[in-house]
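The values are calculated or read from the model by the stated rules, or taken from the named source; none is laboratory data. It should be emphasised that the depicted structure is a prediction, and the values quoted were computed from it without experimental measurement. Here Cβ is always computed from backbone atoms with ideal geometry, including for glycine, and neighbour counts include all displayed protein chains. Note: accessible area is taken over every heavy atom of the protein model, side chains too, but ligands, DNA and RNA are not part of it. Shrake-Rupley method; radii C 1.70, N 1.55, O 1.52, S 1.80 Å.
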Number of protein chains: 6
Amino acid sequence: MGIHTYFQSLNDLERIIRTPGKFKFEEHSVSAHSWKVVQYAKTLADIEEKHGVTVDWKKLYEITSSHDYGEIFIGDIKTPVKHHSLELRAMLQQVEEGIVAHFIDEHIPEEFQAIFRRQLREGKDESVEGRILEVADKMDQVYEAFAEMARGNTEKEFTVMYRNALIQIKSIKLHCVDYFLQHILPDLVREGSRSPIDIAQITNEALSS
Amino acid sequence: MGIHTYFQSLNDLERIIRTPGKFKFEEHSVSAHSWKVVQYAKTLADIEEKHGVTVDWKKLYEITSSHDYGEIFIGDIKTPVKHHSLELRAMLQQVEEGIVAHFIDEHIPEEFQAIFRRQLREGKDESVEGRILEVADKMDQVYEAFAEMARGNTEKEFTVMYRNALIQIKSIKLHCVDYFLQHILPDLVREGSRSPIDIAQITNEALSS
Amino acid sequence: MGIHTYFQSLNDLERIIRTPGKFKFEEHSVSAHSWKVVQYAKTLADIEEKHGVTVDWKKLYEITSSHDYGEIFIGDIKTPVKHHSLELRAMLQQVEEGIVAHFIDEHIPEEFQAIFRRQLREGKDESVEGRILEVADKMDQVYEAFAEMARGNTEKEFTVMYRNALIQIKSIKLHCVDYFLQHILPDLVREGSRSPIDIAQITNEALSS
Amino acid sequence: MGIHTYFQSLNDLERIIRTPGKFKFEEHSVSAHSWKVVQYAKTLADIEEKHGVTVDWKKLYEITSSHDYGEIFIGDIKTPVKHHSLELRAMLQQVEEGIVAHFIDEHIPEEFQAIFRRQLREGKDESVEGRILEVADKMDQVYEAFAEMARGNTEKEFTVMYRNALIQIKSIKLHCVDYFLQHILPDLVREGSRSPIDIAQITNEALSS
Amino acid sequence: MGIHTYFQSLNDLERIIRTPGKFKFEEHSVSAHSWKVVQYAKTLADIEEKHGVTVDWKKLYEITSSHDYGEIFIGDIKTPVKHHSLELRAMLQQVEEGIVAHFIDEHIPEEFQAIFRRQLREGKDESVEGRILEVADKMDQVYEAFAEMARGNTEKEFTVMYRNALIQIKSIKLHCVDYFLQHILPDLVREGSRSPIDIAQITNEALSS
Amino acid sequence: MGIHTYFQSLNDLERIIRTPGKFKFEEHSVSAHSWKVVQYAKTLADIEEKHGVTVDWKKLYEITSSHDYGEIFIGDIKTPVKHHSLELRAMLQQVEEGIVAHFIDEHIPEEFQAIFRRQLREGKDESVEGRILEVADKMDQVYEAFAEMARGNTEKEFTVMYRNALIQIKSIKLHCVDYFLQHILPDLVREGSRSPIDIAQITNEALSS
C-alpha cells in the first residue's frame, strides 16, 4: 500500500501498444503517446498564453500527464468498441472510473487521495485545459496515422483515424487550433506528398466536412 | 465483401498479445493461444472417446478454432475488467456478439452466414464439446502462468491466473479433467520445483479449495 | 514422460519464424500459421460439404492441427533445400518422421501412442481431408507472400512463393479450389492494386501456366 | 521549418533505448522514461506544496517534459563516458547545448524561440523545480535498476546505478526526498526480498554512505 | 550477377536466430555469432604464435569469417537433426556444399570463383587454422549456453550444448585450448556461481569425462 | 580480470543498434555491421592482391575485426555529434582511446596487453590495410542506407549517409575502389530502380561531386 504501487505500475503502460492488432510500420506504447501529449499540450498552452488566455498550468500538468492511466486496467480497447454504442461507451467509462477509484482507495495513502482523484479524473472537460488536452490527444492520432499513411500503409483504420482526429480538432474553439491548422498541418501534409496515399485530399475533405 | 475479409483478418490476432501490460518473460499472441487450445482440445476429446463418450468433432473443430476471434474487435481486455462486475461482463459479451454479427452481415456471403454464425458463437456451453473448450482454454492459462512462475516472475497476476484456472478446471465434470489432474499436472508441478515461487503449494491450495 | 512434454513443446513453435533470413514487413510464427491453416481448412471443408462431399471432421482436425509439428525438430528449413533434390527431400522427410516416431515412443504414454502416430503422420495424402490440408497450407503461403508484395517487398522469394502456391492449388481437384479461385483470390488481387509490384499479372501468369 | 519538425522528432526518442548494450530483462525508451519523470515530479511537487513550498508549475512542466530531448542528438551516451572526465562531460554538455541552440534557430519560428530556449535549457538548477527534476530523474534510475536486480540481473552496472542514484537523491534537500526515503523506498525494498541479490543491504549501504 | 549478390545476402544472416524454438533470455543472430568466432579465433591464434606455432592468417581470416555462410541456404538446422544419423549429416553437408557451389557458379564472376570456393569451403580441417576455427565455434556455444544457465534457464538443451562443446574443445590439441581451460573457463565458472544451476559441477563432469 | 572479460563483453555490441533514433525498416547491430566489414575487407584485399599489392593479412584481421569495439563504451554516437566540431570529435576519440586503454590495463593479462593495444587501436591509417578498412566501413553505410531508400524510407539521414559514404569511398586510392565503383555499385543502383527515391540520381551526383 502506498504511492510506490502507483509509481511502479507506470511501467505497465510501456507494454501496452496503441491500435492493437492492425499492421503498423511503427508501434507506439501508451507511455510514449502520453509523453508526446504532454509536449504538444505545453506548446498549445504557450500559444493560448500568447493570445492572452490564462492557463492553469498545474491543472494542465495533472490532466495531461495521467490522461491514459486508466488503460492499465482496460487496455487500449479497440476503436470500434469504443464507438459501437453510446451505451457501451458510457458503461466502459463508468467501469474504468470505478476501477481507478478502487485503486486509489486501496493503494494511495489517505492524505494523497484527493490529489490522485483530481489527477486521474477524466480531464477532457470544457475548461481551456480540458480542451487543450483533447486537441493534444487528437494531434497524436494525426501524427501516428500520418506516419503510417506516409509509408504506404493502406489499412483503412489509419485513414479513418486521421480524418476523424482532424474533424474533432477543427471543431474545438482555441487559438492553438487555428495555429495548428494554419502553421503545423500544412508542413505535415507537404511531407506526405510522396506517399501512394493522397494525404492532401484526405486532409482537405476532413477540413471542409 | 467476402470470405477473403475474414481470412485476411486472422493475421490481426498474431499482433494481439495476451495479458497486455504485465511484465512477461515470454509473450503469447492470441493466434498461438488459439492454436494451442485446438491441440489441447483434440487430446482431451480423445480421452473422452476412450471412456466411451461420443464427441461431435465438427462442432468441436468449429468452436475451438474460432473461440477468440472476437478479440479482433475488443482486444484482450484485461481480466480485472472482465470480472469487475457481472453487469459489465454481460455488456461486453453483448457488444462483442453484436460486432461479430455485424461483421458477418457485412462481409460473409449469404450462403455462408449460417455457418459463420455457428462457428463464431460463444462455444462454452454445457455440451461435451463446450466443456472441453472451457478446459482447454483454462489449460493454456495454466501453462502460460506456470512458465512465468517457473522463471521467477513474481507478478501477482500470474499466480492468480494459475490458481483460478485450476479451480475452474477442477469444477468441470469430464474424464479428461481427471486425466489432466492425475497425469499431466503433476509433471508440470515437478518441473517447477526449482522456481523461487512455491508452485507445488499454490497448486495444492487451488486443488483443495 | 507424458503428454505434458507434448503440450509444453507447443510453445516452441511460436518461436520458429517462417521464411527465415529474408526481409519481411510482417513475421509469422509456425504456431500462427498452423492456426490459420486450421481456419482455412474448416471453411474449405464447409464448401465441400455444400457440394455433397462427406468430410471426416475428426481426421481433418487431426491432420490440420498438427501438420507442422515436425518443425519443432527440423525448423522451417529453407525452400531451396526442400526442393534441391528429390533425394534430399525424401531423406529429410524420413528423418523428420524418424524423430517424431522416437519422440512418441519416448514421451507419449503407451495408451495414446496410436493416436499420436495417426495425428503426427504426414497428412497430405490423396483423401479429401489430405487435399484440403494441402490447399489450406498453400493458401497461407498465398496470403503471406501477398502481404509482402502488397507493401512493396521486392524480395524475389515472395513472388516465387506466391506463384508456386497458386500453381499447386490450381492443380488440386476440389470444389473449394474452384471457390477460392473464383470468389476469394479476386478480392485479394483487387486489394493489391496499389502495390508497386504487378500482382494481377503474376496471378494471371500463374493461373494460365 | 516550423514547430512540426519539433513535434515529429519526438518519435525518435521512442527508438532510443536507455543503458544501451547491457543485458536487460526490460527495455525502456527515452520517451517512456521522460513520461515517468513527469509523473514522479508531479507527485514530488505535490508533497512540497503540502509542506508550504511554492511550486512554479509552468516551469516544472517545461523542464521535466523536455529534460532529455537533447538525447535525440547525442543518444544515451554511456555512463562511463559521461563520468570519465570532468572535461569531457563539460564538453559534451556544451556540444549538446550547441546543437539544441542550432536546432531552435533553424526550425522554430522566431516568435517561439525564446520559449523553446527556456524549455530546452538544462533544467537541473538550484531552484525547487530544478531539484525536483533531479530527484525524479534519479528515481527512475532507482526503479529501472531495481527491476533488473529483483529479477536476478547480475550486471554490475545496475547495482552501481541503483546505489549512485540513491546517494544522489539523499544529498538533495527537499521534503519529498524525506517522503521518498521513508515511505516509498521501503515498499520497493520489501518487494525485492526474493531476489538473489541482497537489495536491502545495497540500499542500506547507499543510505549510510 | 556479381559480388553484389554475395555482399547483399550477408544481411540475411542477421535475421537467422541460433537455437531456434527454444526459450532464450538472449537471442543471437548468425551474424553476431560469426563475428564473435572471428574475434575468439584471432586471440586463439595469437596464443599459438606465442608458443612458436606458425599461423596462416589469410587462411584463418577466410575460413572463420565465412564459416556459417551456408546457413543462408539451410538455416540453423536444429541439433537433433544434425546428429540424428551420420547418413543424414553427411547428406546435409553434401547438399549445403552443392547449393554453395551452385551459388558461386551463378553469382560470382569467374575471376573470383576460385577465391570464393576456397573461402566458403568447410574450414574445420586438421590444419592449425581449421582446429582454431573448431575451438572458436565451440567456445561461442559455451558462452551462449552459459549465459542462459547463469540466468536460470532450465531448458535441457543448453546444458547439453555447454557440456558437449566443452568435451569437444578438450579433445583438440592446441596450446590455446590449454590456455582456455586454465585461464578463461575458470573466470566464466566463477561468474556463474549464483545461478540456480550448478555450472561448476557440469563443467567438472564435462572436463573429466 | 582476464581475457574472459573481453570475450564476454562482445555480446554487448549485439545490443547496440546503429543509427539510433531514426525510423528504419531494418535494424542492424554493431556486431552484424562489424562482421560485414570483415567480409567486405576480405574481398577488397583479394582484389588488391590480384593487382599485385601485398596485404598484411594479420594486420587486416586485427583492425577490421575490432574496429568498432570502442562503441561498447561510447555507443553509436549520432553522426551530427561526431561531426559537429573538429574539437569535439578529437575529444571524443581521445576519450574513447582513454577508456579502451584503461580497459586493457585493468582486464587484459600483461602478456597480452601489447597485442590488444595493437588490435584495438584506431585502424584507419594510411597503410593499405587501413584504407581497406575505411572503404569496407563506408561500404556498409552504402548498403544500409540503400536498403532504407530502396524500401521508400524518406528520412533525410539515409540519403546523406549514402551520399557521404560514396564521396568518401571515391576519394580513396585503391584498386578495389575502382572495382567497387565499376562492378558492384551499378548492380546495387539497378536494384533500387523501383524505389520512390531516385537513387540513380543521388548516386550520380555523389560520384561527380
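Taking only C-alpha pairs under 8 Å that are 6+ residues apart, what is the relative contact order of the stretch F:1-151 in percent? Relative contact order for the stretch F:1-151 comes out at 34 percent. Projecting 7 Å from Cα along the Cα-to-Cβ direction, the label point of B:D187 sits 4.1, 4.3, 4.3, 5.1, 6.2 nm from its equivalents in the other copies, listed shortest first.
Compute the signed sum of charges (Lys and Arg +1, Asp and Glu -1) over the other residues within less than 14 Å, Cβ to Cβ, of A:L10. Working shown, then result.
Working: positive: A:R15, B:K22, D:K36, D:K42; negative: A:D12, A:E14, A:D68, A:E71, D:E26, D:D140, D:E144.
So the surrounding residues net to -3.
What does the accessible area per residue of chain F come to in Å², with a 1.4 Å probe and no ligands, DNA or RNA counted?
On the way: 7810 Å² over 209 residues.
Dividing the accessible area of chain F by its residue count gives 37 Å².
Legend: mean number of C-beta atoms from other chains within 10 angstrom of residue C-beta atoms, peptide E:115-126, equals 1.
Using a Gaussian network model of chain F in which every pair of alpha carbons under 10 angstrom is joined by a spring, one finds that among F:L86, F:L13, F:L44 the greatest mean-square fluctuation is at F:L86.
Between 0 and 90 degrees, the angle of helix E:110-119 with respect to the longest Cα principal axis of chain E falls at about 20 degrees. Site pair F:L181 and F:E111 shows an inter-label distance of 4.9 nm when each label is modelled 7 Å from Cα along Cα→Cβ. Taken residue by residue and averaged, Cβ atoms of other chains lying within 10 Å of the Cβ of B:22-32 number 5. Which aspartates and glutamates have a Cα lying under 19 Å from the Cα of F:K173, excluding residues fewer than 8 positions away in the same chain? Partners found: F:D46, F:E48, F:E49, F:D56, F:D125, F:E126, F:E129, F:E134, F:D137, F:D140.
Over the stretch A:3-208, all Cα pairs binned in 5 Å intervals from 0 give whole-percent P(r) values of 1, 7, 14, 18, 19, 17, 13, 7, 3, 1, 0, 0, listed from short to long. Report the local net charge at A:Q119: Lys and Arg +1, Asp and Glu -1, summed over other residues whose C-beta lies under 12 Å from its C-beta. Local net charge: +3. If you run the Gaussian network model on chain C, springs between alpha carbon atoms under 10 Å, then out of C:K50, C:K124, C:K42 the most flexible one is C:K50. Over the stretch D:109-185, Cα pairs under 8 Å with separation of 6+ residues give a relative contact order of 27 percent.
Counting from the shortest, the label point at F:T54, 7 Å from Cα toward Cβ, is 1.6, 8.0, 8.6, 8.6, 9.2 nm from the same position in each remaining copy.
Can you give the helix-only mean residue ellipticity at 222 nm for chain D, where every DSSP H stretch with n ≥ 4 adds -39500 (n - 2.57) and the sum goes over all residues, rounded to the nearest 500 deg cm²/dmol?
Details: 12 runs with 139 residues, N = 209.
Calculated from helices alone, the mean residue ellipticity at 222 nm is -20500 deg cm²/dmol.
Buried surface for the C/E pair, taken as the accessible area of each chain alone minus that of the pair with a 1.4 Å probe, is close to 2100 Å² in total. With a 10 Å cut-off around each Cβ of E:171-183, the average count of Cβ atoms from other chains is 1. Ranked by the mean number of other Cβ atoms within 10 Å of their residues, highest first, the peptides E:172-178, B:168-174 come out as E:172-178, B:168-174.
Seen against the Cα atoms of chain F and their longest principal axis, helix F:30-50 is set at about 80 degrees. Here the Gaussian network model covers chain A, with springs between Cα atoms less than 10 Å apart; of A:E26, A:E148, A:E129, A:E26 fluctuates the most. Local charge sum around F:D105 (other residues, Cβ-Cβ under 13 Å, Lys/Arg +1, Asp/Glu -1)? Summing Lys/Arg as +1 and Asp/Glu as -1 gives -2. In the assembly of identical copies, E:A200 has its label point, taken 7 Å from Cα in the direction of the beta carbon, separated from the corresponding points by 2.6, 2.6, 6.9, 7.3, 7.3 nm (ascending, one decimal).
For the stretch C:60-188, with all protein chains present and a 1.4 Å probe, just round the carbon and sulfur fraction of the accessible area to a whole percent. Each step should come with its number before you reach the end.
On the way: 2500 of 5050 Å².
Looking at the stretch C:60-188 in its full context, I get 49 percent from C and S.
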